[in-house]
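The values are calculated or read from the model by the stated rules, or taken from the named source; none is laboratory data. Given the structure is predicted, the values throughout are model-derived calculations rather than measurements. Please note: Cβ atoms are built from the backbone with ideal geometry, for glycine as well, and neighbour counts cover all protein chains shown. Heads up: the accessible areas ignore ligands, DNA and RNA and are worked out on the full protein's heavy atoms, side chains in. Shrake-Rupley method; radii C 1.70, N 1.55, O 1.52, S 1.80 Å.
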Amino acid sequence: MRKHFLAIALTALCGCSTGGTPLPVRAETTMKVEVLAEFPRDPDAFTQGLEMHDGVLFESAGSRGGSSVRTVDYRTGEVLRKAGLVAPLRGSGITVVDDRIWQLTWQDGAAIRRDLTTLAEINRVAYTGEGWGLCHDGTRLVMSDGTAKLTFRDPVTFAVIGTVDVTRGGEPVEDVEELECVDGAVWANLWESAEIVRIDPASGEVTAGADLGSLRPRGSGDEILNGIAAVPGTGEFLVTGKNWHRTYRIRLTG
């Protein structure tokens, strides 16, 4: 019996089986969630993309026939400026690049480049597949399409410059949705999940995860978590969900 326990202990320490076959090792961190504040927001906003820039929250809301990109005072929930999309376009992920903002469309194959101040459309670029999440890592765009793949794109031309598969313990991670590029990593929502994950964009491996299930509304039908915006210079995030009544400022530790 003692030998049996010793074998189990050694297996746990070395990450291998007693028969010599390596066991999968999940080298990721479970992050703790600290809620710092909560703020009101427009519950009609079906959030598809979220990003902070110069203290202003940019949001893409994506119901078909009612899609828009908007700037928001996140403390009050007041919509400061808004630009709609003409049906049948359905807005999706957004990200800021210099004095421009890119907005994806879900199934319409069009990336819309807008003026950062006025939100007016400048031009469109066609792409294949669906558009879900988008972020800018300072050098390139990172885009998700609802699969286990991230696509890297040129921030000016939107041309594809690379891809990586998202994995966790060697298994693909499907339904990667809204993205936020922070300090060399990519944070992501997972469709219909209360978890957000941190991805190493070089390898595609999930390196950390955090359960935000305690923030989800109950019994109102608006429980889908979606929207991550880093608060620059703080190590904190704003998070919300599709048609949520609240935006939360959180800190992740682990």
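Excluding ligands, DNA and RNA, the accessible surface per residue across segment 54-140 is 43 Å² with a 1.4 Å probe.
When GluC sites (Glu not before Pro) are flagged only if DSSP places them in a loop and at most 15 other Cβ atoms lie within 10 Å, the longest unflagged stretch of the chain comes out as 1-173. Within segment 144-254, the proportion of Cα pairs with more than 24 Å between them is 26 percent. Each 5 Å bin from zero up to the one holding the largest Cα-Cα distance in the chain carries the following percent of pairs: 1, 6, 14, 17, 18, 15, 10, 6, 3, 3, 2, 2, 1, 0, 0. Solvent exposure of segment 145-254 amounts to 39 Å² per residue of accessible area, where only protein heavy atoms count and the probe is 1.4 Å. Taking all protein chains as they are arranged and a probe of 1.4 Å, the heavy atoms of Asp137 leave approximately 70 Å² accessible to solvent.
Radius of gyration over Kirkwood radius for segment 151-200, both on Cα atoms: the Rg/Rh ratio is 0.99.
Between Val56 and Val79, the modelled label-to-label distance comes to 1.6 nm, taking each label 7 Å out from Cα in the direction of the beta carbon.
Computed in the context of the full set of protein chains, the accessible area of the chain at 1.4 Å probe radius has 52% of its extent on carbon or sulfur.
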